[in-house]
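A short write-up of the structure that comes next.
The values are calculated or read from the model by the stated rules, or taken from the named source; none is laboratory data. All values reported here derive from a predicted model rather than from experimental measurement. Positions of Cβ are backbone-derived with ideal geometry, glycine not excepted, and every protein chain shown enters the neighbour counts. Surface accessibility is based on the protein's heavy atoms, side chains included, excluding ligands, DNA and RNA. Shrake-Rupley method; radii C 1.70, N 1.55, O 1.52, S 1.80 Å.
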There are 2 protein chains.
Amino acid sequence: SRRGFSTKPQPESSTQANISLSNKQRLFMTDPVSPGSIFFLPHGTRLFNKLVSFMKNQQARYGFEEIITPLIYKTQLWEQSGHWENYKDDMFKVQGFNKSRDEDESGLHEYGLKPMNCPGHCIVYSQFDRSYQELPVRFSDFSSLHRNEASGALSGLTRVRRFHQDDGHIFCTMDQINHEIANTIKLIKDTYKVFGVAEKNDITYYLSTRPEQYLGDISTWERAESRLKESLDKSVGSEKWSVREGDGAFYGPKIDVLLQDAFGKKHQVGTVQLDFQLPSRFDLKFVSNDGSRSNRPIMIHRAIFGSLERFIAILMDQYQGKWPFWINPRQAMIIPVNESHVEPARKLQKQLQGDILNENVPISPITGYNFYVDLDDRNETVGNRIKDAIQKSYSYILMLGDKDIEKGTVAIRSRDNRKIENLTPTEIYEKFIKLEKTFQ
Amino acid sequence: SRRGFSTKPQPESSTQANISLSNKQRLFMTDPVSPGSIFFLPHGTRLFNKLVSFMKNQQARYGFEEIITPLIYKTQLWEQSGHWENYKDDMFKVQGFNKSRDEDESGLHEYGLKPMNCPGHCIVYSQFDRSYQELPVRFSDFSSLHRNEASGALSGLTRVRRFHQDDGHIFCTMDQINHEIANTIKLIKDTYKVFGVAEKNDITYYLSTRPEQYLGDISTWERAESRLKESLDKSVGSEKWSVREGDGAFYGPKIDVLLQDAFGKKHQVGTVQLDFQLPSRFDLKFVSNDGSRSNRPIMIHRAIFGSLERFIAILMDQYQGKWPFWINPRQAMIIPVNESHVEPARKLQKQLQGDILNENVPISPITGYNFYVDLDDRNETVGNRIKDAIQKSYSYILMLGDKDIEKGTVAIRSRDNRKIENLTPTEIYEKFIKLEKTFQ
Ligand SMILES: [Zn+2]
Ligand SMILES: [Zn+2]
């Protein structure tokens, strides 16, 4: 292997443990050609995509509409948003190598590579006349984001230069704020429960208040902070949160949700931020029910996973590589007992992989249930192949021999239990569907 | 509307027609803050995501593994790949605003924003020892790509600075080339058939040969060109393709597949490129069955849609806004006859939207069938609401009145046919699933 992570038998931090697990399961890699940017390998990409699919469905439930927005924006946008004065040091600048290509009306040749989606979402909001009847307008976006972290601070999946958020912005009226914040905190709790992280690691809630560098006036900040306090008292309980003075975003105060990793280190995941500044800087408006056109919406920034990269790191800690079936990039391994069982084993594999792998149609359908099922037909003992599949953390091991083929069944066992059941392929497929539907 | 496209009643080009349709259906927008980068609005994002889902499933069929790779790479990578000498003018450079953040071992502060995925895929290939048994290794990637097109050349969705490809790279042996190229051309044909574009617009196949700026030696180029000629003769027919002299990529010759739009203009979509240069520049290797470690794989670059943005433009031409059901971002509109029918109408909507909108579970499942179904309960005549839904190009209109509610049915008609059927909600859901599965 040309470039390798150094693996250590006794990890001393979550990052070391993650890298060691990633090496074992081939989940992700990094390379000096792009420090702080993760390469997700095929099995890591499966995990990443599963989290994205999961969250897209939750967001649809809560009325979010996904949009795709540019990655580079002319300097003027960052001046308008306030990032230029308050965030420039954390950003990358972009320019054409050949400047003559870029002779726009604006005359400006310099872009910023986006560290956040918010200004782009303001542009989309302001493209159309918005009526009070449309509010809340909720946009979601899974774009790549870049922040120029100091090279010494880079660490595994938790401190990176390129990352992805399950980002969302809500544009709403003052009356709608509390409901939207409560919904966000509910989704945060429900989501963490699915991944079992809330049981093992405590969730910590902070209210992060006005930082040294901030936009707007103090009374607006105080109003926003008291709104967030109310919401925390109601959704979380007055005893269960604390204040981080001066830790808010430059455009507004925020609720930060932190999870603790196996080594006791806390990581920021979810966030809810209240923002009166960007709507004013982008002159966002809506038409109220009395027909007046100059009403200003409030903007809520929120994320549930936060950085997907960091959330995956927390899940690696949480599961120690023993991924639950529904999220496992290696869901089942089929082991034909000997060569004569390879053909039926292949047939079983296709059936469990689902319709998208069906070669009887020229084109695969878009939806349906498809599972990651591999086949190990190496010339090794069944015992060795089972051991190998368990080491690779396949959730289920399916064995096919003469007896089972005669009865039309498959011998199935889980990663953690030697007990063998004999089920038909259809029963196994139904079992897998149920596991996926119930997040097991 | 703050910024608007100018709409013209008589479009004179595909671009004008697209922009006018996009305005009507709210599919995408552009803004001077990021010239050449498309903002996909919610309904355009639905189209975009559907195409991506479609292609991910086809790629899984053909043995591709999706990976996620960085967007910015240090200059040294572009020097190694040859982009530095041959492609720099088309690229954007990236630097931290605060240079002290970037004190890497390399000492280099400058990145290039990727115009292609290939060098990143070479890095992933070279991370592990590869055996001949693993080949072909096939990576797919839907990353954002940036090319610094001259500002005067920018046009709608077809000539942009930021775009996405259904990109894929195959690393294989010389013996495997023909099979892989034939598979790619088969998938191109099967895919275009699904979208009906091959019927209306002719497909044109070109062999694009060695350009003025090229890497490697002429004999390697000639060998690669003759391989592509053989494949074209076999898959397409010797009469059905022609040569574009000097139009190859700098690293190798290619087959370009073009589709004609409604205004007679041809657009490049699919591509198959044969490359002996990058494997050598990145020193890619595999272990052969005799154990020798210095074997060089060949690299095939291929895309089916090509640029997703451009393919969407071609589909806009093709369907003139009358999207077939399976890809329509507006699949059905429910019209309750009067106020008393709004409650059952909402129930029907939830049922057709599928499990992800089911509020009876705290968390929505990941897979299953979900359709884009809206409800129009405005205080307007049924006739006006039907007219409006047809204008917005909903595929189906579902009407709910006393009679149907009594019988437990729904009155359903299509966009193009006044004929009304009375079906149960379950029958409609099944009908929709069938339409989606068969790409209608
Ligand atoms: Zn934001
Ligand atoms: Zn390529």
Open item on the list: For the stretch A:55-69, give me each residue that is over 24 Å from B:GLU309 (Cα atoms) and in contact (Cβ under 8 Å) with a residue 24 or more places away in the chain.
Closed with: A:MET55, A:GLN58, A:GLN59, A:TYR62, A:GLY63
Open item on the list: Whether any residue in the stretch B:255-262 is away from ligand 2 (no atom under 13 Å from the Cβ), open to solvent by less than 50 Å² (accessible area, probe 1.4 Å), among the β-branched types (Val, Ile, Thr) and under 22 Å from B:THR220 (Cα atoms) is what I want to check.
Closed with: yes
- [ ] Quick one: count up the residues across the stretch B:373-408 that are out of contact with any Leu (no Cβ under 9 Å at 6 or more places or on another chain) and within 14 Å of chain A (Cβ to nearest Cβ).
- [x] 5
Open item on the list: Cβ-Cβ distance below 8 Å, separation of 6 or more or different chains: which pairs start in the stretch B:337-349 with a residue that is under 14 Å from B:VAL410 (Cβ atoms) and end on one that is open to solvent by 50 Å² or more (accessible area, probe 1.4 Å) and of a type outside the set (D, E, K, R)?
Closed with: B:HIS341/B:ILE405; B:PRO344/B:ILE405
Task: Among the candidates A:PRO70, A:PRO42, residue that is facing another protein chain (nearest Cβ under 7 Å), buried (at least 22 other Cβ atoms within 10 Å of the Cβ) and under 24 Å from the mean Cα position of the chain (by Cα) - done: A:PRO70
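Among the residues of the stretch A:237-266, count how many are in a loop (DSSP other than H, G, I, E, B), in contact (Cβ under 8 Å) with a residue 24 or more places away in the chain and either of a type in the set (S, T, N, Q) or out of contact with any helix residue (DSSP H, G or I) (no Cβ under 7 Å at 6 or more places or on another chain) (or both).
Initially, the stretch A:237-266 is screened for residues in a loop (DSSP other than H, G, I, E, B), giving A:237-240, A:245-248, A:250-251, A:253, A:261-265.
Still in the list and also in contact (Cβ under 8 Å) with a residue 24 or more places away in the chain: A:240, A:245-248, A:250-251, A:253, A:261-263, A:265.
Next cut, either of a type in the set (S, T, N, Q) or out of contact with any helix residue (DSSP H, G or I) (no Cβ under 7 Å at 6 or more places or on another chain) (or both) only: A:240, A:245-248.
Qualifying residue count, the stretch A:237-266: 5.
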Task: Residue, surrounded by the fewest Cβ atoms within 10 Å (Cβ to Cβ), within the stretch A:14-35, restricted to residues that are facing chain B (nearest Cβ under 9 Å) and not polar (S, T, N, Q) - done: A:PRO32
TODO: Within the stretch B:348-372, track down each residue that is more than 10 Å from chain A (Cβ to nearest Cβ) and hydrophobic (A, V, I, L, M, F, W, C).
DONE: B:LEU348, B:LEU352, B:PHE371
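Can you pull out the residues in the stretch A:183-223 that are hydrophobic (A, V, I, L, M, F, W, C), open to solvent by 20 Å² or more (accessible area, probe 1.4 Å) and more than 14 Å from every other protein chain (Cβ to nearest Cβ)? Don't jump to the end; show me each part of the working.
Keep residues of the stretch A:183-223 that are hydrophobic (A, V, I, L, M, F, W, C), which gives A:185, A:187-188, A:194-195, A:197-198, A:203, A:207, A:215, A:218, A:221.
Imposing the further condition that a residue be open to solvent by 20 Å² or more (accessible area, probe 1.4 Å) reduces the set to A:194, A:198, A:203, A:218.
Answer for the stretch A:183-223, where residues must be hydrophobic (A, V, I, L, M, F, W, C), open to solvent by 20 Å² or more (accessible area, probe 1.4 Å) and more than 14 Å from every other protein chain (Cβ to nearest Cβ): A:ILE203, A:ILE218.
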Task: Considering residues of the stretch B:45-67 that are small (Gly, Ala, Ser) and facing chain A (nearest Cβ under 9 Å) only, the residue surrounded by the fewest Cβ atoms within 10 Å (Cβ to Cβ) - done: B:SER53
TODO: Please determine, by comparing only the residues of the stretch A:308-338 that are crowded, with 22+ Cβ neighbours inside 10 Å and of a type in the set (S, T, N, Q), which one is nearest to A:ALA249 (Cα to Cα).
DONE: A:ASN328
Open item on the list: Being among the acidic types (Asp, Glu), open to solvent by 20 Å² or more (accessible area, probe 1.4 Å) and either in a strand (DSSP E or B) or touching a helix residue (DSSP H, G or I) at 6+ places or on another chain (Cβ under 6 Å) (or both) narrows it down to one residue among B:ASP377, B:ASP416; which is it?
Closed with: B:ASP377
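Out of the residues in the stretch B:121-132 that are of a type outside the set (Val, Ile, Thr) and within 7 Å of chain A (Cβ to nearest Cβ), state the one that is farthest from ligand 2 (Cβ to nearest atom). So that I can check it myself, show each step before the final result.
Narrowing the stretch B:121-132 to residues of a type outside the set (Val, Ile, Thr): B:121-122, B:125-132.
Still in the list and also within 7 Å of chain A (Cβ to nearest Cβ): B:126-129.
Values: B:SER126: 15, B:GLN127: 18, B:PHE128: 20, B:ASP129: 23 Å.
Out of the qualifying residues, it is B:ASP129.
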Task: Pairs with Cβ under 9 Å, 6+ apart, first in the stretch B:404-429 and over 16 Å from B:ALA389 (Cα atoms), second among the aromatic types (Phe, Trp, Tyr) - done: B:ILE428/B:TYR396; B:TYR429/B:TYR369; B:TYR429/B:PHE371
- [ ] Test A:LYS285 against the stated conditions and say whether it is within 24 Å of the chain's Cα centre (by Cα) and away from ligand 1 (no atom under 13 Å from the Cβ).
- [x] no
Task: Selection count where residues are over 24 Å from B:ILE185 (Cα atoms) and either within 15 Å of ligand 2 (Cβ to nearest atom) or aliphatic (A, V, I, L, M) (or both), scope the stretch B:263-272 - done: 0
Open item on the list: Just to be sure before I move on: is B:GLN260 in contact with a Gly (Cβ under 6 Å, 6 or more places away or on another chain) and not β-branched (Val, Ile, Thr) in the structure I sent?
Closed with: no
Task: Total residues in the stretch A:273-304, condition more than 14 Å from chain B (Cβ to nearest Cβ), part of a loop (DSSP other than H, G, I, E, B) and either buried (at least 16 other Cβ atoms within 10 Å of the Cβ) or within 16 Å of ligand 2 (Cβ to nearest atom) (or both) - done: 2
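Residues that are within 28 Å of B:TYR111 (Cβ to Cβ): which helices (runs of 4 or more DSSP H) entirely in the stretch A:101-217 hold 1 or more of them? Spell out how you get there, then give the answer.
Working: elements: A:118-126, A:177-194, A:197-200.
Output list reads A:118-126.
Looking only at the stretch B:95-108, decide whether some residue is more than 16 Å from ligand 1 (Cβ to nearest atom), farther than 19 Å from A:PRO35 by Cβ and polar (S, T, N, Q).
Residues of the stretch B:95-108 more than 16 Å from ligand 1 (Cβ to nearest atom): B:95-108.
So of that shortlist, the ones also farther than 19 Å from A:PRO35 by Cβ come out as none.
Checking the stretch B:95-108: not a single residue is more than 16 Å from ligand 1 (Cβ to nearest atom), farther than 19 Å from A:PRO35 by Cβ and polar (S, T, N, Q).
To keep it simple, each residue is scored yes or no on (1) closer than 19 Å to B:ARG147 by Cβ; (2) polar (S, T, N, Q); (3) modelled with pLDDT of 90 or more.
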site: A:SER100; (1), (2), (3): yes, yes, no
site: A:GLU103; (1), (2), (3): yes, no, no
site: A:SER106; (1), (2), (3): no, yes, no
site: A:LEU113; (1), (2), (3): yes, no, yes
site: A:ASP129; (1), (2), (3): no, no, yes
site: A:GLU134; (1), (2), (3): no, no, yes
site: A:ASN148; (1), (2), (3): no, yes, yes
site: A:PHE163; (1), (2), (3): no, no, yes
site: A:GLY168; (1), (2), (3): no, no, yes
Task: Residue that is of a type outside the set (D, E, K, R) and assigned to a strand (DSSP E or B), where the choices are A:GLN80, A:GLN95 - done: A:GLN95
